[in-house]
Amino acid sequence: MAKRVLITGAAGFLGSHLCDRFIKEGYQVIGMDNLITGDLKNIEHLFPLENFEFYNHDVSKFVHLPGHLDYILHFASPASPIDYLKIPIQTLKVGSLGTHNLLGLAKVKKARILVASTSEIYGDPDIHPQNEDYWGNVNPVGPRGVYDEAKRFQEAMTMAYHTYHALETRIVRIFNTYGPRMRLNDGRVLPAFIGQALRGEDLTVFGDGSQTRSFCYVDDLVEGIYRLLLSDCSSPVNIGNPDEITISDFAEEIIALTGTEQKVIYKDLPVDDPKQRQPDISKAKSVLDWEPKVKRSEGLKLTYGYFKSLPKEELYKKEHKNFEAYIKS
Ligand code: UDP
């Protein structure tokens, strides 16, 4: 019998790629999403399939699911600074209450659960690169606190279920990831720069552009997550690409890639914007025999191809369509 996996955040960027991967591996996939930051377009190709089901549900509320489950992957959460500034309470709830509900479901179903954590739990790190033993430097009451602390709570809760209920748990700490199906208007640096290039606007670098990030192509990330789920490692594992770059050099790469004639302009650095970020992936290498394969030049080409193929009106949408309705509810 095919294994059954529940993927929350299924209509989002990472969730939809995970759905594709598990379908490809022959699983019965149940997608769940409340479509606040997700988009059904990301998974509409899966709807005709017999081994795919979808529930429109907010996992911060009690989750009921008939039948057995082998695995749960909890990927529901706003995940960009713009999103969690607009829906801070919902961000806190999905990371805390949502995680609690899914841990409870995993316990009842005797399923293994993998939760999506993040490099944000390291805050503005004072060690470099960040390995899993570093405890982080997070401002709980800053604008990013709602995401960072929800994810830190998520890790604590997950480990507690592992320790006290002997639940099979996995924790992936995801570093900056990019690829097709990112939202053009989610405020993240890659869609921001590519969107600006496609609209013929200048590229906005925040601060002096000396801050660094390390970008992982989505297919590499999905492979790492797949291996982690099937491994026996219950402690957190970093998955990301250690190829680090400053944001101003990244802007130059996007200018070269898109051939735009626009220039870089500088804007204020957001509060608590981490200065450096680079994963130490020694643990993923040794425990999962995993390392990223896709070079940034290659991944960026694929991602640019995706953004170029979108209908032109997508380029001018300021906000995700579902925010307003959700905030009022
Ligand atoms: N950034 C930028 N211009 C933009 C959007 C973002 O310079 O239009 C910077 C941002 O300040 C941060 C980096 O790019 O230093 C990565 O931002 P993103 O929101 O993509 O991810 P995160 O800060 O969560 O790693």
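Among the candidates Ser282, Ser248, which residue alone is more than 13 Å from the ligand (Cβ to nearest atom) and touching a residue at least 12 places away in the same chain (Cβ under 8 Å)?
Ser282
Kindly check whether there is at least one residue in region 312-321 that is within 26 Å of Asp148 (Cα to Cα) and buried (at least 16 other Cβ atoms within 10 Å of the Cβ). Lay out the reasoning, then the answer.
Start the filter on region 312-321 by keeping residues that are within 26 Å of Asp148 (Cα to Cα), which leaves 318-321.
Right, trim to buried (at least 16 other Cβ atoms within 10 Å of the Cβ) and you get 320.
Looking through region 312-321, at least one residue is within 26 Å of Asp148 (Cα to Cα) and buried (at least 16 other Cβ atoms within 10 Å of the Cβ).
For region 68-107, the set of residues classified as open to solvent by less than 10 Å² (accessible area, probe 1.4 Å), away from the ligand (no atom under 16 Å from the Cβ) and among the hydrophobic types (A, V, I, L, M, F, W, C) consists of Leu69, Ile72, Leu73, Leu102, Leu103, Ala106, listed by residue number.
Within region 207-232, residues that are at positive phi sit with their Cβ atoms under 9 Å from residues that are crowded, with 19+ Cβ neighbours inside 10 Å, at 6+ positions apart or across chains, in these pairs: Gly207/Ile247; Gly209/Ile247; Gly209/Phe250; Gly209/Ala251. The number of residues in region 166-183 that are assigned to a loop (DSSP other than H, G, I, E, B), touching a residue at least 40 places away in the same chain (Cβ under 8 Å) and not aromatic (Phe, Trp, Tyr) comes to 8. The numbered conditions (1) within 16 Å of the ligand (Cβ to nearest atom); (2) out of contact with any Lys or Arg (no Cβ under 6 Å at 6 or more places or on another chain); (3) touching a residue at least 40 places away in the same chain (Cβ under 8 Å); (4) over 17 Å from Thr118 (Cβ atoms) are all true for Thr204 except (2). Considering the conditions (1) at pLDDT below 95; (2) part of a helix (DSSP H, G or I); (3) open to solvent by 10 Å² or more (accessible area, probe 1.4 Å), Ala2 is excluded by exactly one of them, (2).
Filtered by the rule that a residue be away from the ligand (no atom under 16 Å from the Cβ), free of Cβ contacts under 8 Å to residues at least 24 places away in the same chain and in a loop (DSSP other than H, G, I, E, B), region 108-140 gives Lys110, Asp126, Ile127, Asp133, Tyr134, Trp135, Pro140.
The values are calculated or read from the model by the stated rules, or taken from the named source; none is laboratory data. Please read all numbers here as calculations on a predicted model, not as lab measurements. So basically every Cβ, Gly included, is an ideal-geometry build from the backbone, and we count neighbours across all protein chains shown. Heads up: the accessible areas ignore ligands, DNA and RNA and are worked out on the full protein's heavy atoms, side chains in. Shrake-Rupley method; radii C 1.70, N 1.55, O 1.52, S 1.80 Å.
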